[in-house]
1. Looking at the range 1-60 only, could you name the residues that are within 17 Å of the chain's Cα centre (by Cα) and at positive phi?
2. Where in the range 142-244 are there helices (runs of 4 or more DSSP H), lying fully within it, with 1 or more residues that are modelled with pLDDT under 95 and assigned by TED's automatic domain parsing to the domain that holds residue 115?
3. Identify all residues within the range 194-221 that are crowded, with 24+ Cβ neighbours inside 10 Å, small (Gly, Ala, Ser) and under 23 Å from residue 279 (Cβ atoms); write none if there are none.
4. How many residues does the range 74-113 contain that are within 17 Å of the chain's Cα centre (by Cα), part of a helix (DSSP H, G or I) and touching a residue at least 40 places away in the same chain (Cβ under 8 Å)?
5. Being among the hydrophobic types (A, V, I, L, M, F, W, C) and within 25 Å of residue 150 (Cα to Cα) is the filter; apply it to the range 85-97 and report the residue that is surrounded by the fewest Cβ atoms within 10 Å (Cβ to Cβ).
6. Residues that are modelled with pLDDT of 95 or more and in the same structural domain as residue 237 (by TED's automatic domain parsing): which helices (runs of 4 or more DSSP H) entirely in the range 272-338 hold 3 or more of them?
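The values are calculated or read from the model by the stated rules, or taken from the named source; none is laboratory data. Note that this is a predicted model, so its numbers are computed, not measured. Reconstructed Cβ throughout: ideal geometry from the backbone, glycine too, with neighbour counts over all protein chains shown.
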Amino acid sequence: MQKLLASWNSLCKSSGVLRFVDINLRGVAQVMLQDNPLTGLLFLAAIGWGSYTSGVPHVALAGLVAVVVATLTAYWLHLDQASLAAGLYGYNGVLVGLALGTFLAPGPFLWAYVVLGAAVSVIAMCGIAIALKPWGVSALTFPFVVVTWLLLLATYSFSGLTATSLPTGSVVAPFQPYQASPLHLIDLAGGVLQSISQVFLKASGVAALILLAGLAVNSLAAAVFAVMGAVLAVATAHLFGAESELITGGLLGFSPVLTAVTLGTVFYQPSGRVVIYTIIGTVFTVIAQSALNVALTPFAIPALTAPFVLVTWLFFLPRSYVESGSSAISDAMDVGPP
């Protein structure tokens, strides 16, 4: 695998076209924090499969157009070359394209929205990264969340854009337990797979398996933590009595999957302490997902990956405590003996 990547990198150095393709593939891979063009290619295959089997091939096309536009925007703005080469300006764009293609009806204005949203996601990425720099926190998918929320909310003011899959706005009411139905093992297994595929807004077990293959190509640990995050999310949601369709559809699990991969394999070096810390963060992401689903109900927009972003920020900020132990906590809080 290393020889294959080395050969590919060599070809990219000698060809501007291949280099551009490489950057876009890495941009897709960076949705799950992987810097590998083969991972990006497999992720694209999963997106294509999930879109085709759902009868919405335009969604995959919207994601592809968006990542290309985001990359071109980064070139146009003369942004940092190392970050550009790693695909760090493309992953928010591809998510914007997939979300808009999923929630809005096809038409000329949709494609205008996709192009605009992808370009603005790069600008938002730069601004948010600068704002967060003093805290040493990554922007993650927050640019995607902010840009997509604004674009979706604006559709309620425009007759040229029609929402097809947005949640229905209503007054928040307590959940009625009798609406939930018992879940069988096959339902729980399906919920685990769809929690993984819903990272790219797909509801497909096959797509989930392709995504796991893409993760394993670059990091076996990332694939393991993704499965662990999905299992924890489904188990936690079921234990608390969440709505069955949300569990089996993976709609309470995609943010926890991202949290598990990010905390367990990217932000921290794997260890026993980090595994437990990641489990806590993953479980709490299920709570955050449910909370934001409720909070956004009156606005009739989805939470997207906001729960992942908020919880990951919360669990990344005290990183020195996690890495150094209780003595670092005492020193930082100044709670030792006088």
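1. If the condition is that a residue be within 17 Å of the chain's Cα centre (by Cα) and at positive phi, then 33 is the only one that fits.
2. 142-154
3. 195, 197, 208
4. Number satisfying all stated conditions: 12.
5. Among those residues, the one meeting the criterion is 88.
6. Because the criterion is at least 3 residues that are modelled with pLDDT of 95 or more and in the same structural domain as residue 237 (by TED's automatic domain parsing), the helices (runs of 4 or more DSSP H) in the range 272-338 that meet it are 272-295, 306-316.
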